[in-house]
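All remarks here apply to the structure that follows.
Each value in this text was obtained by applying a stated rule to the coordinates, not by laboratory testing. Being a predicted model, the structure only gives us computed values, none of them experimental. No Cβ is skipped: glycine too gets one built from the backbone with ideal geometry, and neighbour counts run over all protein chains shown.
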Amino acid sequence: MIILIGNIKGGVGKSTLTLALANYLTQEHRRWVGILDLDFKHCLINMQKNTQILQTPSLYTIYDRQKAESINLLTKIKENPHKILLIDLPSSIEDAYASEYVSLADVILCPFSYDQFTINATLLFSLVITKLNPRAPCCFIPNRIKNFTKIESKMDIELTLSKFGTIASVIYDRIDFQKLNNIHTPTSLLNLILPTLDSIYHQYLQR
């Protein structure tokens, strides 16, 4: 199964959500997981390098595009539906290789926040992915949302997004997200993220 995590708006927590989901799938459900880091900053690849320097075993492997293509990673994933590949998309999906990955996705997860600039970008992303891959279900995840913040037009925003997919429950922001890595998820975050990840798993990923 191929799962894309993307939005054309930066700063919505794509990489953080990718890590949280990868840790959840490996630890809670004992699934084989790989991550393909396509983001131009390669923060997940750099995290893996730091882990290797510390000689701490990771829960899974994080690949860059060149490595993934050299071992035919996508073909292997397609041949084994129990395996899950999470793809952290770049903010721009206009490149040919990024568009190809979108077309192959089985599920698309789109983290977002409720500010107007992010919503505009999220709607544009939704239009593009619907054109590139109309068969893949899309789930919008309100991610790293500030608690106790009044959100204007929340119902209208979610009604508009629901035309493209489902809306997951909110993941609120916490300072401990900075401690999230490819080794473990801080215990303090579990109550915050498990309801959302459980819902996504049972709706889209359970096989």
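Do the sum for the chain: with -39,500 (n - 2.57) for every DSSP H run of n ≥ 4, divided by all residues, what is the mean residue ellipticity at 222 nm, to the nearest 500 deg cm²/dmol? Provide the component values of the computation, followed by the final result.
Details: 8 runs with 87 residues, N = 207.
Computed mean residue ellipticity for the chain: -12500 deg cm²/dmol.
Let me know the longest stretch in the chain that avoids all chymotrypsin sites (Phe, Trp or Tyr not before Pro) found in a DSSP loop with at most 12 other C-beta atoms within 10 Å.
Values: sites that count: PHE40, PHE148.
That gives 41-147 as the longest site-free run.
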Inter-centroid distance (Cα atoms) of the range 1-58 relative to the range 71-132, Å = 14 Å
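Local charge sum around ILE157 (other residues, Cβ-Cβ under 12 Å, Lys/Arg +1, Asp/Glu -1)?
-2
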Neighbourhood charge, 12 Å Cβ-Cβ cut-off, centred on LYS146 and excluding it, Lys, Arg +1 and Asp, Glu -1 = +1
Could you check which residue among THR160, THR56, THR149 shows the biggest mean-square fluctuation in a GNM of the chain with a 10 Å Cα cutoff?
-> THR149
Going by the alpha-carbon gyration tensor, a ≥ b ≥ c the square roots of its eigenvalues, is the range 1-159 rounded (a/c under 1.5) or, if a/c is not under 1.5, prolate (a/b greater than b/c) versus oblate?
-> prolate
Given the options LYS150, LYS41, LYS83, which has the most mean-square fluctuation in a GNM of the chain, springs set between C-alpha atoms less than 10 angstrom apart?
-> LYS150
For the range 130-144, what does the Karplus curve 6.51 cos²θ - 1.76 cosθ + 1.60, with θ = phi - 60°, yield as ³J(HN,Hα) per residue in whole Hz, taken in order and with x for Gly and Pro?
-> 5, 6, 6, 8, x, 8, 7, x, 10, 10, 8, 10, x, 10, 6
List the aspartates and glutamates whose Cα lies under 15 Å from the Cα of LYS9, skipping any in the same chain that are fewer than 8 positions away.
-> ASP39, ASP88, GLU94, ASP115
Under-22-angstrom lysine pairs by C-alpha in the range 14-188, whenever the two are 8 or more apart or on separate chains | 22
